[in-house]
Structure formats: structure tokens, C-alpha cells
Amino acid sequence: MGNTKSSALSKELLEELKSNTKYTEAELCTWYQSFLKECPSGRISKQQFEGIYASFFPDADPTAYARHVFRSFDTNADGTLDFKEYIVALHLTSGGKTLQKLEWAFGLYDVDGNGTISKNEIQEIVRSIFNMIPAEAQKKLPEDENTPEKRAEKIWAFFGKKENDKISEGEFIQGVMDNKDILRLIQYDEPQKIKDKLKEKKHI
């Protein structure tokens, strides 16, 4: 778009974001100004995104998880997030509808983007989540989910899959909607706190 870097949001983009998220015109305009201050190019790089996560996890290693989250929101796979992708990310991880969130979660776990989830992919994302949980907090987890392997096994067993089976998007969404315990196992609540802090930052 010709005015990606201009100081004003285009009417088209503003209307699109207002209709697809819960944010007001005033909020979107304020965040756009802040976004351009932090990212004059109008884009956030993967490194900048990982840096945002790292600043909130001084006692852990969120790099792998941040990389997966970035991938799931970089819809055009150009290695950066523009303002639209950034706002959609903010909306989905902090207040999106359940179905939208689960569609995003499926994309997060579908590491190779082939439309299905394998057991290895579940293990990879769960491992990246565990990297963000401080060692002391890990000790307090239930016995049957206190390692990435155990948690991945528990998720896989719930879906009733054999070792080399795959989970489709429909199965994934229906399964999680039918079982709140699985929802708890596949996500990590901390990003919510990150988004809250980011939102605070945008108002500065």
C-alpha cells in the first residue's frame, strides 16, 4: 500500500481493522503512531518481535515460542509483521473469539504449514512453551504433565491418535472446544500478560 509508512492510517485499513477486531478508531490511530515510532519502516522484524518477548522473560528462554508465534502471524511469509498483522495478533491473543483463537492455535501447531498437525509438531510447540516456564513453576506442575514429553503425550492421547497419525484443523478445533483441559494444555497464559503490557506501552 502506498501509505504504509505515512503517519496516518488509510481509511480502508482502518475500516477493515475496526470491523475485524474489538478496537476503536482512536485506539488504532494511537497505536499506529506508536508503531511507527518504534518501527519507522512500518514493519516489525522477527528479531524485534523476539526481543519484545525476551524483555518479559528475563528468567526463561522465549525465543523458540516467539519464533513460532511470529510465523503464525506473518501471513504473507515475508519475515516481517506490518501494522495489520500486528493488530490482528494483538486482537487474537488478547480478546478474539474462541473459534478465531483456535484457528490461530492450529496454525501455531502446524509448524510446516501442511494443513495437519503431527505428534512431533505438538512436541515442538510444547517444548517451546516449557522453555518459558521457570524451573520452580515446572516443579509444581501435575506429575503427568511436568515435562514437554508428558504434556505432548497427554494431548495426543486425548485425540486418540496413533504415533504416526495426523490431526486435521476440524478435529483440532472440535476437540479443544469439547474439552477445556486440552485448551489449558495447548496454550500458555503468559503471552496474555505480554499483550497487556504491550497495550499499556502503546498508550505512552
Please tell me if THR80 is among the β-branched types (Val, Ile, Thr), open to solvent by less than 40 Å² (accessible area, probe 1.4 Å) and touching a strand residue (DSSP E or B) at 6+ places or on another chain (Cβ under 8 Å). yes
Look at the range 6-15 and say how many of its residues are part of a helix (DSSP H, G or I) and open to solvent by 70 Å² or more (accessible area, probe 1.4 Å). 3
Quick one: is ALA77 assigned to a helix (DSSP H, G or I) and among the aliphatic types (A, V, I, L, M)? no
Anything in the range 26-73 that is part of a loop (DSSP other than H, G, I, E, B) and open to solvent by less than 20 Å² (accessible area, probe 1.4 Å)? List them, or say none. CYS39, GLY42, PHE57, PRO62
Can you find even one residue in the range 79-86 that is among the β-branched types (Val, Ile, Thr), touching a helix residue (DSSP H, G or I) at 6+ places or on another chain (Cβ under 7 Å) and either closer than 30 Å to LEU9 by Cα or at pLDDT 90 or above (or both)? no
Could you name every one of the helices (runs of 4 or more DSSP H) located completely within the range 92-168 that has at least 1 residues being open to solvent by less than 30 Å² (accessible area, probe 1.4 Å)? 98-109, 119-130, 148-158
In this structure, does ARG43 turn out to be among the charged types (D, E, K, R) and closer than 26 Å to PRO134 by Cβ? no
Kindly establish whether ILE204 is at pLDDT below 85 and part of a helix (DSSP H, G or I). no
For the range 169-180, which residues satisfy the criterion of being surrounded by 12 or more Cβ atoms within 10 Å (Cβ to Cβ) and either without any contact (Cβ under 8 Å) to a residue 24 or more places away in the chain or assigned to a loop (DSSP other than H, G, I, E, B) (or both)? GLU171, GLN174, GLY175, ASN179
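The values are calculated or read from the model by the stated rules, or taken from the named source; none is laboratory data. What you see is a predicted model, and the numbers here were worked out from it, not measured in a lab. Glycine gets a Cβ as well: all are built from the backbone with ideal geometry, and neighbour counts include every protein chain shown. These accessible areas exclude ligands, DNA and RNA; they are computed on the full protein's heavy atoms, side chains included. Shrake-Rupley method; radii C 1.70, N 1.55, O 1.52, S 1.80 Å.
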